[in-house]
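Below is one structure; the comments refer to it alone.
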């Protein structure tokens, strides 16, 4: 069993290695696996109405970067606004990973986003399940 952030990071590293060496077939396989894992396990719905995407263009070694948006509601249940966020995951030797949330902090949403992403990325995924996506 591995945590989702580990599987995503290792798969992203493999994709970049394939891209660098010109192995287009396996680059495609790895990027498809990343998309399937993100679509299956990362926040979607319940305010994350546009889902979550791994931001390939902004990736740097040793980080995971996601883009997402949140659809805010008022007390009457009416949608009031969208906020747009970049979520940056960096390694932390003592605690696994750190989360930085960019974007507007409407209704103190950044703490909630960090909690939701921490929960999603900490999920234990079996090797069989992570390969069969």
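Tabulated data
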{"item": "Scan of segment 45-57 for residues that are farther than 21 Å from residue 109 by Cβ and in contact (Cβ under 8 Å) with a residue 12 or more places away in the chain, ordered by number", "result": "56"}
{"item": "Every pair of residues 6+ apart whose Cβ atoms lie under 8 Å, when the first sits in segment 20-44 and is more than 15 Å from residue 125 (Cβ to Cβ) while the second is in a loop (DSSP other than H, G, I, E, B)", "result": "43/51; 44/51"}
{"item": "Qualifying residue in segment 93-103 (condition: surrounded by 14 or more Cβ atoms within 10 Å (Cβ to Cβ), in contact (Cβ under 8 Å) with a residue 60 or more places away in the chain, in contact with a strand residue (DSSP E or B) (Cβ under 8 Å, 6 or more places away or on another chain) and in a helix (DSSP H, G or I))", "result": "no"}
{"item": "Residue 99 being within 24 Å of residue 123 (Cβ to Cβ) and touching a helix residue (DSSP H, G or I) at 6+ places or on another chain (Cβ under 6 Å)", "result": "yes"}
{"item": "Residue within segment 58-69 that is surrounded by 11 or more Cβ atoms within 10 Å (Cβ to Cβ), without any contact (Cβ under 8 Å) to a residue 12 or more places away in the chain and either under 19 Å from residue 5 (Cβ atoms) or under 11 Å from the mean Cα position of the chain (by Cα) (or both) present", "result": "no"}
{"item": "Boolean, residue 77 is at positive phi, exposed (fewer than 13 other Cβ atoms within 10 Å of the Cβ), out of contact with any helix residue (DSSP H, G or I) (no Cβ under 9 Å at 6 or more places or on another chain) and modelled with pLDDT of 95 or more", "result": "no"}
{"item": "Segment 32-45, residues that are in contact with a strand residue (DSSP E or B) (Cβ under 9 Å, 6 or more places away or on another chain) and crowded, with 18+ Cβ neighbours inside 10 Å", "result": "34, 37, 38, 41, 42, 43"}
{"item": "Every residue from segment 104-128 that is loosely packed, with under 13 Cβ neighbours inside 10 Å and in a helix (DSSP H, G or I)", "result": "108, 111, 115, 119, 127, 128"}
{"item": "Qualifying residue in segment 65-88 (condition: part of a helix (DSSP H, G or I) and closer than 12 Å to residue 121 by Cβ)", "result": "no"}
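The values are calculated or read from the model by the stated rules, or taken from the named source; none is laboratory data. On a predicted model such as this, the values are computed, not experimentally measured, just so you know. For neighbour counting, all protein chains shown are included, and Cβ atoms are generated from backbone atoms with ideal geometry for every residue, glycine included.
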